[in-house]
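For reference, the structure is listed below as C-alpha cells.
The values are calculated or read from the model by the stated rules, or taken from the named source; none is laboratory data. On a predicted model such as this, the values are computed, not experimentally measured, just so you know. Neighbour counts are summed over all protein chains in view; Cβ atoms, including those assigned to glycine, are modelled from backbone coordinates with ideal geometry. Just so you know, the surface numbers come from the protein's heavy atoms only, side chains and all, with ligands and any DNA or RNA stripped out. Shrake-Rupley method; radii C 1.70, N 1.55, O 1.52, S 1.80 Å.
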Amino acid sequence: MGMSMTVTLSELDVLREFDQRVSKGVIFYDNDPKIQAQEVDGYKFEFAVTDAISKKPYIKNNEDEPSRQCHARRPSRPGYFPGSDIDVSGYEMADVSDTHCVAFNKFCMYRPHLLLLTLDGYRRQYDPLSLDDMQAARLMLETMNWHHFMFFNCGKEGGCSRLHKHMQLAPLCKNRLKPWPETTAGDTVVKTPYQYILRRFENDLGPKQIHDLYAQMMVEARRILKIDPRSSEHIPHNVALGRNWILVIPRRKAGFNGAYANTLGLLGMISVANEAELHCWLDQGAVEVLKQLGVPR
C-alpha cells in the first residue's frame, strides 16, 4: 500500500477493478451515453446525456463544511476520512504516496474515472494545488501510461461538488472529445470563449518545475480575475494537466441559468443528467454559457 504506486497498480488492474465494481453496482457508469457534437466559432463541444450523474450531490458554497470530527486520532464516520465529505468506502483502490490515495469516482462519466484524494481529510478544494498534489498527479498519470489527463475544480465557482481536496483523472478516449491542449500544436491559438493560461513543456519536466509553472500561472489568474495580489482571497479556477501541457482557466461562476460546469465543461466536454439540463446549454448557447462561467475573451 505505502509503496510507490508504479509498483502496486497497473492501468490494466484499474480497468479490471473498474468493470468489477460497475457490475456489482458500486459505481454508477453509463457505457452508452447519448452524445451529440457541436462546433461553434471553431470551438468544439461534446454533450453527453448520462444517467450516471443524475444522483450526484452538489455543495452550495465553500462554507458548506462537513461536520468537524476530532482530528485524526479518532475514526470519523465510517467510510470517511476525518474532516472529509467524500465517502470512499467501496471506491478506494490504493495509496499513491504518503499524502494521497486513489479511488473510483462514484459517478463516472468515463471508463475509468478516478479520484486522487488527499489522505488529510481537512485539506480543502478551494486551496490551490500543492507540490504534493502535483507529485501524486504526475505519478498516477505515469501509472496510467499517460492515457489520462488530470483535472482539478478549485472552489465552488470552479464547479467542485465536494470540499475534501481531490483531483480527478479522466481517460483520453479515442472516440470522444479530448481536451483541446492535447489535440493542438504548440503555437496554435484556440478560439476559446474564455481567457485561459496555457504552458507547454517537454515530457520530462518534473513535478517541482510543473508546480513552479502553476504558481506563476496563478499570479496571472489573479490578475485576470482582478483579485488584489496582496489579498489572501481564494482564486476560483480550473486546472487540466497532460503529459506536456498545463492549462489554468480562471472562473467567475459555477453555473449560469441552470447550466453548470467543472473543468471538463469548460473544455467543451459537457455531461448532463437529462434532456432538460441539455436544453439549459443549447437554448442559451454553449459559447455564451462558457463566457459567463469563465472570464470572456
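Charges only on Cβ, +1 for Lys and Arg, -1 for Asp and Glu: so what's the dipole of segment 189-258 about the Cα centre, in debye to the nearest 20?
280 debye
Ignoring ligands, DNA and RNA, please state the percent of accessible area on segment 103-251 from carbon and sulfur, probe 1.4 Å.
48 percent
Let me make sure I get this right: for segment 8-53, a, b and c are the square roots of the gyration tensor eigenvalues over alpha carbons, sorted descending. Under 1.5 in a/c it's rounded, otherwise prolate if a/b > b/c, else oblate. Which is it?
Since a/c reaches 1.5 but b/c is at least a/b, the shape of segment 8-53 is classed as oblate.
How many nm separate the modelled label positions at Ile35 and Lys174, each set 7 Å beyond the Cα in the direction of the Cβ?
In this crude spin-label approximation the distance works out to 1.2 nm.
How much of the calculated P(r) for segment 114-203 lies past 17 Å, in percent of all Cα pairs?
Here the long-distance tail beyond 17 Å is 58 percent of all Cα pairs in segment 114-203.
Express in nm, to one decimal, how much length is gained between Arg16 and Leu131 on full extension, taking 0.36 nm for each residue of separation and deducting their alpha carbon distance.
The Arg16-Leu131 span can extend by a further 38.4 nm.
Using a Gaussian network for the chain with springs between C-alpha atoms less than 10 Å apart, which of these wobbles most: Cys173, Cys280, Cys154?
Cys173
Between Lys208 and Val26, what is the spin-label point distance in nm, taking each point 7 Å from the Cα along the Cα→C-beta axis?
Result: 3.7 nm between the two label points.
Tell me the label only: which of (1) 27, 23, 21; (2) 34, 20, 19; (3) 37, 21, 17 is semi-axes √(5λ) of the Cα gyration tensor in Å as calculated from this structure?
Label (1) holds the value from this structure.
Can you give the helix-only mean residue ellipticity at 222 nm for the chain, where every DSSP H stretch with n ≥ 4 adds -39500 (n - 2.57) and the sum goes over all residues, rounded to the nearest 500 deg cm²/dmol?
Taking each H run of at least 4 residues, the total per residue is -7000 deg cm²/dmol.
Can you list the DSSP H helices in the chain whose Cα atoms extend at least 24 Å along the helix axis and whose mean Kyte-Doolittle hydropathy is -1.0 or higher?
Qualifying helices, which must be both long enough and hydrophobic enough, are 207-224.
Hey, how many Å between the Cα centroid of segment 154-169 and the Cα centroid of segment 219-239?
Distance between centres, Cα-based: 17 Å.
Give the accessible area for Leu131 in Å² (nearest 10); use a 1.4 Å probe, count only protein heavy atoms, and leave out ligands, DNA and RNA.
We get 60 Å² for Leu131.
Round to the nearest 0.05 the FRET efficiency obtained for His147 and Glu233 when R0 = 45 Å and r is the Cβ-Cβ distance.
So, using R0 = 45 Å, E works out to roughly 0.75.
Determine the per residue accessible area of the chain with all protein chains present and a 1.4 angstrom probe, expressed in square angstrom.
Averaged over the residues of the chain, the accessible area is 46 Å².
Can you tell me the alpha carbon radius of gyration of segment 159-266 divided by the globular rule-of-thumb value 2.2 N^0.38 Å?
Ratio of Cα Rg to 2.2 N^0.38 Å: 1.12.
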